[in-house]
1. Rounded to whole Å and sorted largest first, list the principal axis extents of the Cα atoms in chain B.
2. Could you tell me the calculated FRET efficiency between B:GLU262 and B:SER144, based on Cβ-Cβ distance and R0 = 45 angstrom, to the nearest 0.05?
3. Per the Kirkwood formula on distinct C-alpha pairs, the Rh of region A:50-120 is how many angstrom?
4. Straight distance only, please: which lysines reach the Cα of B:LYS218 with their own Cα at less than 21 Å, same-chain residues fewer than 8 apart left out?
5. Can you list the GluC sites (Glu not before Pro) in region B:209-316 that are in a DSSP coil and have 15 or fewer other beta carbons within 10 angstrom?
6. Regarding region B:257-339, what's the average projected area of the Cα-atom convex hull, expressed in nm²?
7. Listing B:LYS358, B:LYS461 from the residue with the fewest other Cβ atoms within 10 Å to the one with the most, what is the order?
8. Which of the three applies to region B:124-236, rounded, prolate or oblate, going by the alpha-carbon gyration tensor with a ≥ b ≥ c and a/c under 1.5 meaning rounded?
Amino acid sequence: MNEILLVEDNPDDVELTLRAFRKSNVANEVIVARDGAEALEYLFATGQYAGRDPDALPQVVLLDLNLPRVDGLEVLQRVRAHPKTKLLPVVILTSSTEERDLLSGYSLGANSYVRKPVDFEQFADSVKQLGLYWLLLNHRAPTTAQD
Amino acid sequence: MLGRAPRIERARVIRAAAQEDESFRLLFAANPLPMWLYDSESLQFLEVNDAAVAHYGYTRDEFLQKRVTDLHSSEDAERPVHDLRRAPPRLRRWTNMRHRTRDARLLDVEIAAHNLEFRGRAAVLVVVHDVTERKRTEAALRHSDARHRAILEAALDCIVTMDGDGRVIEFNPAAERTFGYRKRDVFGRPLADLIIPPALRQAHRDGLARYHATGTHKVLGHRIEMRAVRSDGSEFPVELAVTKIPGQGEELYTGYLRDISERKQSEDALRTLNAELELRVSQRTAELQAAVDELEAFSYSVSHDLRAPLRTIDGFSQALVEDAGPVLSTETRTHLNRIRHATQRMGQLIDDLLQLSKVSRGEMTREAVDLGELAVRIANELNRRSGGHSPAMTVAPSVVAMGDPRLLRVLFENLLDNAWKFTSRRSDAQIEIGSVGGPDGSTIFFVRDNGVGFDPTYAAKLFAPFQRLHAVSDFPGTGIGLATVRRIVHRHGGQVWAEGTPGGGACVSFTLEPARARGGASR
């Protein structure tokens, strides 16, 4: 129930992110989706995740923007459009600092926007803060809040 | 019988004259027209009236010394005097005569003359009608007519006059040339049937009828454009102005028409040209937009894809140091640190390049920006980051520029970052921000420091991307900061330059508006 969904197509970034979580003592299970389509299948329990409990949602979604098949902004749009997932915490985690990405990310309802720095220590720091904030400090909205 | 009869006759005349002497004198002397009597034989004046004296300037005595031919102008001098001696007594008139006055003025006169007997002599009674003024008026009228005619003949525009019924009464040579009619062929014909295209004739007649009925019109006093037709049926565009000319009895209407085919063609050509230009501009704009879009896609891709491998290199180098640290030699650890520094430096280069490309893109606004306040905000940030190095900063009061706030912020971030960097070895570091008036009236802003300065030989190279005048080991940097500054200044239409000496500090100056032409230079 307390897993983190990491949507990231770059295996190096996946590995470094997982390493950063380990270093920060974030013990939550991390589910990795390699593209936007896989992320949506996981969240809505379809496709390869058809057997999953559709009501079980991750604690937080860390979402890269540049993804194969379905890109990050579209994933965010679909997540916000669905009553079940519209309050799910989504953090955009990307190397882009383009204003248009920031703007569309926030206007589509991203909860936070974190730039991946080149410096691994900074990266680890960002991930650590993300973990602390979203996993410990932020009380998730109840999943039953459907209208 | 024969001998007495004249005597009796004469006696009767004299008696009658005596009786009517007073009234005759009154009729003669008080007559407002100049009158005189002269002797048929000698042509000598016998009597003149007061009006003649007043009109000709001679006294009565002077008149009586003269012969009637003395009054004739030199051109009339040779004309034979009309011999009325044997003519039957009746009134005669002569026109076109000219008399000379005492002060040598020439008078145009008409003469009425009657032969009679006066004081027993055959005499001629003359009444003078001075027509000088009338002749002058007539001549003036003739001149005016000639002028009018000359204008009509020489006018480049067609001048067509019609009467109240719309019939042609004037058709000048330009009209003949333009419409292909002779004046004598169109005189008196309805104008509508000649030069107005068939399709418009009814409207013309209706308009004329409406004008006659109600006095309303759409034509008089306006410059209008319409179609006209030539005698061969071909149509062409004309420009037309119609004026009403008040005449005696009826009013006349004169139209001034000009063939504007060529102008219309030019206008059409211009319109076509404009449309083509418009099209070309939009094509170029589309091409430019495509280029800009491509550049943006490139930058976006650079921002994402070039950084990812750097993160991998840096991240796993760090992982290696952390995981295998104890078994690595010092040298190996140094190598790994070099790898990490290089990747971080490359990350910085990518970021700076992206910023350089960002300042060239995007909308620009111009508003008043308080550069002093901006500099202080950035200085506070730099002081926080620079680990204890905090130069004394002097900002002149009210350094305000018109420019894009976002770009000016980037500009000052770069300039102040340099100033902080190059003064970092001085404990008495000073940075001054101010503005001075330029020779052309524009404002020159400057950022001056007392840092390490630079060799002025290379001053021009400072602003090219990747140009560095110091070793990275001495002062870190990517060499893109001043290139970014220059691009921002250029986007505002200004100029930027740097002055400095090694060890003597540096001063970067810039303007934010195009140079003004001095003394109203021509261009």
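Bear in mind these aren't lab numbers, they're just calculated from the coordinates by the rules spelled out. Just so it is clear, the structure is predicted and the values come from calculations on it, not from any experiment. Cβ sites come from the backbone with ideal geometry, for glycine too, and all protein chains shown count toward neighbours.
1. Largest first, chain B extends 189, 60, 42 Å along its Cα principal axes.
2. Plugging the Cβ-Cβ distance into 1/(1 + (r/R0)^6) gives 0.85.
3. It is 12.9 Å.
4. Of all the lysines, those that pass the test against B:LYS218 - Cα under 21 Å, at least 8 places apart if same chain - are B:LYS244.
5. Qualifying residues, ordered by number: B:GLU250, B:GLU251.
6. Averaged projected hull area, Cα only: 8.3 nm².
7. Ordered from fewest to most neighbouring Cβ atoms within 10 Å, B:LYS358, B:LYS461 come out as B:LYS461, B:LYS358.
8. Prolate.
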